[in-house]
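The values are calculated or read from the model by the stated rules, or taken from the named source; none is laboratory data. Please read these numbers as outputs of a predicted model, since none were measured by experiment. Cβ coordinates were reconstructed from backbone atoms using ideal geometry, including for glycine residues, and neighbour counts include every protein chain displayed.
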Amino acid sequence: MKKLFGILLVAGLVAGSAVAKEAKEDDVQARIAPVGTTCMQGDECAAAPAPAAAAGPKSGKDVFSGFCTTCHGAGVMGAPKYGTAADWAPRIAKGKDTLYTHAINGFNAMPPKGMCAACTDDELKAAVDYMIDHSK
Ligand code: HEC
């Protein structure tokens, strides 16, 4: 009985130290992990709203997917459709400055700021660029 206890005790110590060692390694892994991790398109992290968006200026993509896509995604009310070169070519021909102005001030059924009231002019311009770049 005494011997068995001894074996169990040893086994317990070995198992215990293994667990402790693992925990330590996790700690180390966490401490030496890179500060910024890369988030690639298609990754789970890319689907979540970018945490940086709240702090810095919104990207053209963020503004587009948050606001412009409502109409420009499907071409609602004659909005030039995202990804459709034929819709955008005549618009692009007017010059980027005109498109920026129309995005900021509105144009016919296109509402001022594309309904993103909190967007800055630069963010709206980035959204225009994003749509144009993906509709050629
Ligand atoms: C409520 C629907 C709606 C939303 C939301 C919307 N648009 Fe539009 N947009 C339109 C319509 C409709 C037109 C076409 C107007 C026309 O040609 O008469 C248009 C046209 C445009 C044009 C072309 C203007 C031109 O001079 O030909 C740009 C650029 C544009 N939108 C940018 C944006 C941006 C950037 C956003 C998001 C911030 C946005 N739109 C959101 C409806 C919308």
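Let's see how each residue does on (1) surrounded by 14 or more Cβ atoms within 10 Å (Cβ to Cβ); (2) near the ligand (Cβ under 8 Å from one of its atoms):
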{"residue": "CYS71", "(1), (2)": "yes, yes"}
{"residue": "ALA74", "(1), (2)": "no, no"}
{"residue": "PRO90", "(1), (2)": "no, yes"}
{"residue": "LYS94", "(1), (2)": "no, yes"}
{"residue": "THR98", "(1), (2)": "no, yes"}
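Can you find, within segment 110-134, the residue that is farthest from the ligand (Cβ to nearest atom) among those that are among the β-branched types (Val, Ile, Thr) and in a helix (DSSP H, G or I)?
Ranking the candidates gives ILE132 first.
If LYS61 meets every condition in (1) assigned to a helix (DSSP H, G or I); (2) at pLDDT 70 or above; (3) out of contact with any helix residue (DSSP H, G or I) (no Cβ under 8 Å at 6 or more places or on another chain); (4) of a type outside the set (Ser, Thr, Tyr) apart from one, which number is that one?
LYS61 satisfies all of (1) assigned to a helix (DSSP H, G or I); (2) at pLDDT 70 or above; (3) out of contact with any helix residue (DSSP H, G or I) (no Cβ under 8 Å at 6 or more places or on another chain); (4) of a type outside the set (Ser, Thr, Tyr) except (3).
Any residue in segment 64-77 that's on the phi > 0 side of the Ramachandran plot and in contact (Cβ under 8 Å) with a residue 24 or more places away in the chain: show its pairings with residues that are near the ligand (Cβ under 6 Å from one of its atoms) and not in a helix (DSSP H, G or I) at Cβ separation under 8 Å, as long as the two are six or more apart or on different chains.
Going by the 8 Å Cβ cut-off, the qualifying pairs are MET77/ALA109.
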